[in-house]
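Trainee: This structure is in C-alpha cells; I'll ask about it shortly.
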Amino acid sequence: MYSGTNIILVTNNESMIGLLSSELVQLRNIDSILIRNYQNTLETVESEKPQAVIINCQNSMEEPFCLDLIRKIKEISSIPIILLVESYNPTFIKVANKNGISDVLSIQYGNSEILMRTIWSLQKNELRQQHKKYEKLLTQLNAFDDKTGFYTPKYSDRVFQNEIDYLRSKGIDGVFVALEPNKNSRLQPSIDNMIDTIKNNTRATDTVAHTKSKDTFYLLLENTNLEGAMVVWNRINKAVGADEAICAVVCPVENRDYDEIEQILKEGLELAKTSPNFLHIVQSSQKKNDNWLENEVQTPQTSPKDFKLFRQIFHKKVEKVVKPAIEELIEEYKDVLFNTETPFVETDDSFSVKFVNKRQESEFKLTQKSNSIEVEAIHNGLDSPENKNYTIGLNDITTREIQNEFEDFILDFKTCL
C-alpha cells in the first residue's frame, strides 16, 4: 500500500505546477502530489516519505541548487529521483547521474512519457522495498549482515553452493577471490577498510561473505573469467593503499562444488603468504581459453596468417567476453532502454551494438585493426565528450573493462535523449 503522499514535485516555476500535477495525479486514484521548492523539499521528504521526487530544473542558475538537493535527499532516503530538464547540459546531467538520480527527462518529451517514466520509478521503488524486506529477514535469521552487506559464516556455504548451481545452470563463468590481511606486513588494512574496499569494487551481482575467520572474505564474481578477476584484485589491492598488505587467492569455479573450492581457497591463502605479490592463482583447467593471447599473439608484426588467427581470437573474445558482458548491462538498464532497439551487428572484422529509438541513434563498436582493437562510442549528432574513439589490445578486453566502457556508453546515451 502507498502512503497518502506518493510524489513530491519540486519546481520554482508556477506555470509548471498545474501542467505536471494534473498529469501526474492520473497515475492512480490514491496518488497525491505535493508541490515544493528547493528550500522546503528536504523537510517534506523526511516527514512524508514519498515514493518518488520529481525535480524540475529550469535553467543553469538552478543547477547547483538541484545537485545539492539530489545529494541531500540521497543521504537520507533511497527513493527514486526523476530529473526534469528544460535544456540539455551534458556535464550537469552526468553529475546528477553520479549523485543518484533514477532518470532524466526533457520537458519536451510530452505527458505520456513523463507518466510512464514515473510509473517505472514507483515500480522500481516497490521492488527495492521488497528487497529490503528480504534482507531484513535474512538478517534476522543471521544469514546476512545488514551493516556490511555481506553474508555471514553461518550460511555462506549454502549461499555459495546455491550461486554455483545457478551459474552452472545458466552456463555462466564465475571466479572466487579470497582475501585476508597479510599478517607478515606492518601495513595491514583494518577490517573496516577491507569491507569498504570490497564493497566499492564489486557489483550487485557478485556474492561476498565473511568466513569463520573474522578477517577473511570470499568473493564470487559472476560472469567473470580469470582476467576479469585479476582486474578486480588489482583494484582492491590498489585501493587498500599499501603494497603487500593483502594476501589473495583467485580460483575459477568451473566444475567444482563449493566444498572443493573452499578447501582450495584455504590452502591457497597459506601459499599466498610466500607467493610473489602475495597472490596465488589457481590455474584454470581451461587455461587456454583465458591465456591463448599469450601463446598465439606474440609480436606486433603480423603476417596474413597471423591476421587470420587474430581475427579468430577476436571473435572468440566477442562470444566469450563481450556479448555476455553487454547483455548483462542491457538487462540491468532495461528501464533506461525502454522503447529502444538494441541489435547486435557482426561482420568479419567488427562487432557493434546499436541503440535506436525515435529520438536518438547510438553505436558501441569494436573493430579489428591489424593486431589491435578500435573502440568507438558514437552518438549521432553530437561531438565530444560523448563520442569516443581509441585503441586497445586484445588483452584489455575483459568482462570488467567492457562493462565499465559500455556502462559509460549507456549513461551517455541516456543524457543524449
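The values are calculated or read from the model by the stated rules, or taken from the named source; none is laboratory data. Bear in mind that the values here come from a model prediction, so they are computed numbers and not experimental data. When we count neighbours, we look across all protein chains shown, and the Cβ atoms used for this are built from the backbone with ideal geometry, even at glycine. The protein model used for the area step is the full one, side chains on, heavy atoms only, and it has no ligands, DNA or RNA in it. Shrake-Rupley method; radii C 1.70, N 1.55, O 1.52, S 1.80 Å.
Trainee: Condition (residue is outside any helix (DSSP H, G or I), farther than 18 Å from residue 392 by Cα, at pLDDT 50 or above and among the acidic types (Asp, Glu)) applied to the range 320-330: is it met by at least one residue?
Mentor: No.
Trainee: Can you report the number of residues in the range 200-217 which are among the charged types (D, E, K, R) and open to solvent by 90 Å² or more (accessible area, probe 1.4 Å)?
Mentor: The total comes to 2.
Trainee: To continue, here is another question. Filter the range 358-380 for residues that are part of a loop (DSSP other than H, G, I, E, B) and without any contact (Cβ under 8 Å) to a residue 24 or more places away in the chain; which is surrounded by the most Cβ atoms within 10 Å (Cβ to Cβ)?
Mentor: Of everything passing the filter in the range 358-380, 380 is surrounded by the most Cβ atoms within 10 Å (Cβ to Cβ).
Trainee: Of all residues in the range 61-106, which are under 22 Å from residue 130 (Cβ atoms), open to solvent by 30 Å² or more (accessible area, probe 1.4 Å) and of a type in the set (D, E, K, R)?
Mentor: 74
Trainee: Consider only pairs whose beta carbons are under 7 Å apart and that are at least six residues apart or on different chains; among these, list those whose first residue lies in the range 146-172 and is free of Cβ contacts under 8 Å to residues at least 60 places away in the same chain and whose second residue is among the hydroxyl-bearing types (Ser, Thr, Tyr) and assigned to a helix (DSSP H, G or I).
Mentor: Correct list of pairs: 146/139.
Trainee: Give just the number: which of (1) touching a helix residue (DSSP H, G or I) at 6+ places or on another chain (Cβ under 7 Å); (2) within 25 Å of residue 336 (Cβ to Cβ); (3) at pLDDT below 90 does residue 96 not satisfy?
Mentor: (3) is the only condition that residue 96 fails.
Trainee: Checking the conditions here, which among 214, 238 is modelled with pLDDT under 90 and in a loop (DSSP other than H, G, I, E, B)?
Mentor: 214
Trainee: State the number of residues belonging to the range 168-180 that are at pLDDT below 90 and not in a loop (DSSP other than H, G, I, E, B).
Mentor: Of the residues in that region, 3 qualify.
Trainee: Now, a different point. Quick check on residue 391: is it outside any helix (DSSP H, G or I) and open to solvent by 50 Å² or more (accessible area, probe 1.4 Å)?
Mentor: Yes, satisfied.
Trainee: To continue, here is another question. Applying the selection to the range 331-348, what residues are open to solvent by 40 Å² or more (accessible area, probe 1.4 Å) and modelled with pLDDT of 90 or more?
Mentor: 341, 342, 343, 344, 345, 346, 347
Trainee: Now a separate question. Exactly one condition in (1) surrounded by fewer than 17 Cβ atoms within 10 Å (Cβ to Cβ); (2) in contact (Cβ under 8 Å) with a residue 24 or more places away in the chain; (3) within 18 Å of residue 90 (Cβ to Cβ); (4) basic (Lys, Arg) is not met by residue 414; state its number.
Mentor: (1)
Trainee: Please specify each residue of the range 357-387 satisfying the condition of being of a type outside the set (Asp, Glu) and under 22 Å from residue 324 (Cβ atoms).
Mentor: 362, 364, 365, 366, 367, 368, 373, 375, 377
Trainee: Name the residues in the range 254-266 that are open to solvent by 80 Å² or more (accessible area, probe 1.4 Å) and under 18 Å from residue 181 (Cβ atoms), would you?
Mentor: Once the filter is applied, which keeps residues that are open to solvent by 80 Å² or more (accessible area, probe 1.4 Å) and under 18 Å from residue 181 (Cβ atoms), the range 254-266 yields only 266.
Trainee: So residue 312 fits all but one of (1) in a helix (DSSP H, G or I); (2) within 30 Å of residue 204 (Cα to Cα); what number is the exception?
Mentor: (2)
Trainee: Of the residues that sit in the range 110-150 and are open to solvent by 60 Å² or more (accessible area, probe 1.4 Å) and not in a helix (DSSP H, G or I), which one is farthest from residue 207 (Cα to Cα)?
Mentor: 141
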